[in-house]
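Here the structure comes first, spelled out in structure tokens, and everything after it is commentary.
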Amino acid sequence: MATIADHLPEHGSSAKSASMPWSAIGWFAALLILVYFPILEKLVLQWATDEDVGHGFFVPLVAGYIVWQRREELQKLECRPARWGIAVMLWGFAQGYIGWLGAELFLQRSSVLITLAGMLLTLGGVELVKALAFPLALLPFMIPFPAVIYNQITFPLQLFASQVAEMILGWVNIPVLRDGNVLELASQKLSVVEACSGIRSLMSLTFLSLVYAYFFDQKVWMRWALLTGTIPIAIAANAGRVAITGILSEEVSPDLAHGFFHSLEGWIIFLIAFVMLLALHLVINRVYGWKHRGA
């Protein structure tokens with residue numbers, strides 16, 4: 001039976017000039033998908049049914065496009081297999097098995113990425129993984145947070161959004177009484193539930209910020225700058241959305257706090273947040289340009 005080692009080039013000077021074994025990488029990638037298919041199938045189903053992670057469909061597509069875009073660079077790489085990548089693969093398999101035993105989805109899903117990294121190390125080496133570092137770094141965005149972490153993030157965001165909305169409604173002279181994450185208005189109660197916590201726009205915008213910076217700015221540090229700046233933008237935009245919902249429901253119609261109009265409002269706020277991200281990029285580049293010219 002053929003093993004991973006059978007597909008690796010021999011040690012010595014010939015290994016340094018060996019071309020990347022793309023056919024072997026393709027076969028083992030297909031095998032990886034087959035082995036992890038039950039896990040991946042449930043993940044895709046969650047993308048389709050959970051709006052918080054709906055952006056997951058785009059993550060592998062964008063990562064794959066970036067890999068295809070770099071195909072000429074990748075074809076020039078020399079194959080220097082890292083045998084310790086087998087240990088990384090075993091780690092991934094072991095983590096997946098433990099996650100299966102404990103019915104822990106995050107362990108199972110993240111094990112796919114660990115096994116993938118181990119496979120690339122074993123067949124192509126460290127240089128291949130370095131060349132694919134950015135698209136590989138995008139892949140965790142397609143995996144939902146563990147429930148424990150998710151709950152720790154969403155509840156403080158719910159409270160913050162309701163507090164900001166209470167303050168803004170007071171500024172515009174709309175009577176409001178807040179009880180935790182529930183806003184008591186004259187016409188109705190507005191509950192800032194998990195779906196309104198802003199976690200959805202936060203996850204989508206952080207992914208989008210990295211992709212935007214990759215395609216529209218050559219500076220690697222800009223990706224992390226925009227990623228950091230996206231967090232307060234997403235949180236502030238969602239808090240503003242809750243406040244606007246309260247204002248519209250009181251001044252126009254209570255129906256605007258529910259259904260289609262509420263969803264449409266969410267998309268509009270998301271676009272506004274993205275425009276704020278573009279503005280942040282412009283400001284950072286302006287400041288960077290001034291400092292660069294001054295130096």
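Roughly what angle does helix 85-101 make with the longest principal axis of the chain, taking Cα atoms, 0 to 90 degrees, to the nearest 10? Tilt relative to the chain: about 50 degrees. Taking trypsin sites (Lys or Arg not before Pro) across segment 49-103, the ones in a DSSP loop with at most 12 further Cβ atoms lying within 10 angstrom of their Cβ are Lys76. Kirkwood radius and radius of gyration were both taken over the C-alpha atoms of segment 49-89, and their ratio Rg/Rh is 1.19. The C-alpha atoms of the chain occupy a region whose extents along the principal axes are 78, 59, 27 Å, arranged from largest to smallest. Using C-alpha pairs below 8 Å separated by at least 6 residues, the relative contact order for the chain is 15 percent.
Highest mean packing first, where packing is the average number of other Cβ atoms within 10 Å per residue, the peptides 24-36, 235-247 line up as 235-247, 24-36.
Hey, quick one: spin label on Glu104, modelled 7 Å out along Cα-Cβ, who in segment 31-45 has an amide N within reach, i.e. under 19 Å? Hits in segment 31-45 for Glu104 at 19 Å: 39-40, 43. Based on DSSP H segments of at least four residues, each scored -39500 (n - 2.57), the chain has a per-residue ellipticity at 222 nm of -23500 deg cm²/dmol. Measuring r between the beta carbons of Tyr97 and Ser23 and using R0 = 22 Å, the FRET efficiency lands at 0.15. List the lysines whose Cα sits under 19 Å from the Cα of Lys219, skipping any in the same chain fewer than 8 residues away. Leaving aside lysines fewer than 8 places away in the same chain, those within reach of Lys219 are Lys130, Lys291.
If you take the alpha carbon atoms of segment 29-182 and fit the smallest convex hull around them, that volume is 150 Å³ per residue.
Contact order, relative form, for segment 154-290: 26 percent (alpha carbon pairs under 8 Å, 6 or more residues apart, mean separation divided by residue count). Normalised radius of gyration (Cα atoms, divided by 2.2 N^0.38 Å) for segment 148-294: 1.19.
Legend: translational diffusion of segment 100-174 by Stokes-Einstein, Rh = Kirkwood radius over C-alpha pairs, 10 °C, 1.306 mPa s; D = 100 µm²/s.
Just so you know, all these numbers are worked out from the coordinates, no wet-lab data involved. Just so you know, these numbers come straight off a predicted model, no measurement behind them. As a convention, Cβ positions derive from the backbone with ideal geometry for all residues, glycine included, and neighbour counts pool all protein chains shown.
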